[in-house]
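Okay, structure first, notes after.
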Amino acid sequence: MIQKIGIIDYGNAGNIFNIKKALEATSLGMKISILHSAKDLKKVDKIILPGVGTYRDVMSEISAWLKDIKEGVLKKPTLGICLGMQILSEKGYEYGETVGLSAVGGEVLKMPVKGRIPHIGWSTVETIKPSKIMKGIAAQEQFYFMHSYELVNYTDVVALSTYNDHKFVAVVEKGNVFGVQFHPEKSREAGLKILKNFINL
C-alpha cells in the first residue's frame, strides 16, 4: 500500500512546496498531498506541519478545523517543522498569548540572546537521547535554522542546539509526535535523512 503523507496548508506557510520537493527527493515512494480542510486530513497516514509565519497567525488560519487537526496529531505520526514544531506546544507568546495544539509540553518564547535575531544559518544539533527521528544522524550534525522564538520544554527534548551562547531545544519527540526547530528541507543530506526517518516510522 502506498503511504499517504499530508502537508497542512495554513495560508502563509511558504515552505510547503520546498518540503514536498524534499520528500520527493527521498525516493521512498509515497503520495504527498497539500491539506486544506478536515476532509483532506482524514485521507492521509501521516501529517507534516510546515514552518513559516507567526504562531498567532497560524493558529488563526487553522481555527476552523483545529479540533480535527488535534485529533489527527494524537492518532497519526506527525512532524512539526520550525514554526510547525512550535505550535505543537501548549501556548506561544508571539504577538500576544495564543493557545497551541498541546501535543507536547511547554511554551514558545522569544529567544533571550544577545546579538541579532532571527537566528538564521547553520548550527550544530547535539542529540542528547535516543530518538526515532534522529536515527542515523551524527551526534553533532549541522542543520539550517531560521527563527526568533524557541520552544521551552523540559520533558520531550531529544536534541539541543546553541546560538550566541544560548542553548535551545532543537528536536522534540513524544509518542507519535515529532518536532524539529530547523528546516530539514534546507539541510541537505542530513535533512533528507530526518524526512526519511519520518517516512519510515
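The values are calculated or read from the model by the stated rules, or taken from the named source; none is laboratory data. Given the structure is predicted, the values throughout are model-derived calculations rather than measurements. All Cβ positions, glycine included, derive from the backbone under ideal geometry; neighbour counts span all protein chains shown.
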Checklist line | Sole exception among (1) within 22 Å of Ser187 (Cα to Cα); (2) under 14 Å from the mean Cα position of the chain (by Cα) for Tyr55, by number | finding: (1)
Checklist line | Per-region count, the stretch 61-101, residues out of contact with any strand residue (DSSP E or B) (no Cβ under 8 Å at 6 or more places or on another chain) and hydroxyl-bearing (Ser, Thr, Tyr) | finding: 2
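Go through the stretch 74-101 residue by residue and tally those that are assigned to a loop (DSSP other than H, G, I, E, B) and under 23 Å from Asp156 (Cα atoms).
First pass over the stretch 74-101, keeping only residues assigned to a loop (DSSP other than H, G, I, E, B): 76-77, 82, 87-90, 93-97, 100-101.
Those left that are additionally under 23 Å from Asp156 (Cα atoms): 76-77, 82, 87-90, 93-94, 97, 100-101.
So the count comes out to 12.
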Note to self: Looking at the structure I just gave you, is Tyr95 crowded, with 21+ Cβ neighbours inside 10 Å, of a type outside the set (S, T, N, Q), out of contact with any Leu (no Cβ under 6 Å at 6 or more places or on another chain) and touching a residue at least 12 places away in the same chain (Cβ under 8 Å)?
What the structure shows: no
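Return the total of residues in the stretch 128-155 being more than 16 Å from the chain's Cα centre (by Cα) and on the phi < 0 side of the Ramachandran plot. Break it down stepwise before answering.
Taking the stretch 128-155 and keeping what is more than 16 Å from the chain's Cα centre (by Cα), we get 128-130, 135-142, 154-155.
Filter again for on the phi < 0 side of the Ramachandran plot, leaving 128-130, 135, 137-142, 154-155.
Residues flagged as more than 16 Å from the chain's Cα centre (by Cα) and on the phi < 0 side of the Ramachandran plot within the stretch 128-155 amount to 12.
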Next item on the list: With respect to Leu201, determine if the residue is at pLDDT below 95 and within 17 Å of the chain's Cα centre (by Cα).
Entry: yes
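Name the residue, out of Lys110, Lys76, that is under 20 Å from Asn200 (Cβ atoms), at pLDDT 95 or above and not small (Gly, Ala, Ser). Steps first, please.
Working: Lys110 fails: under 20 Å from Asn200 (Cβ atoms).
When all the criteria are applied, what remains is Lys76.
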Checklist line | Members of the stretch 1-29 found to be assigned to a loop (DSSP other than H, G, I, E, B), surrounded by 17 or more Cβ atoms within 10 Å (Cβ to Cβ) and of a type in the set (A, V, I, L, M), listed by number | finding: Ala13
Margin query: Go through the stretch 33-73 and report how many residues are in contact (Cβ under 8 Å) with a residue 40 or more places away in the chain and either exposed (fewer than 15 other Cβ atoms within 10 Å of the Cβ) or part of a loop (DSSP other than H, G, I, E, B) (or both).
Written below: 8
Notebook entry, point to check: Hey, does the stretch 114-126 have a residue that's surrounded by fewer than 23 Cβ atoms within 10 Å (Cβ to Cβ), in contact with a Leu (Cβ under 8 Å, 6 or more places away or on another chain) and over 21 Å from Asn200 (Cα atoms)?
Noted result: yes
Next item on the list: Determine the pairs where a residue that is on the phi > 0 side of the Ramachandran plot, located within the stretch 114-126, has a partner that is outside any strand (DSSP E or B) and of a type outside the set (Phe, Trp, Tyr) with Cβ atoms under 9 Å apart, the partner being 6 or more residues away or on another chain.
Entry: Gly115/Asn164
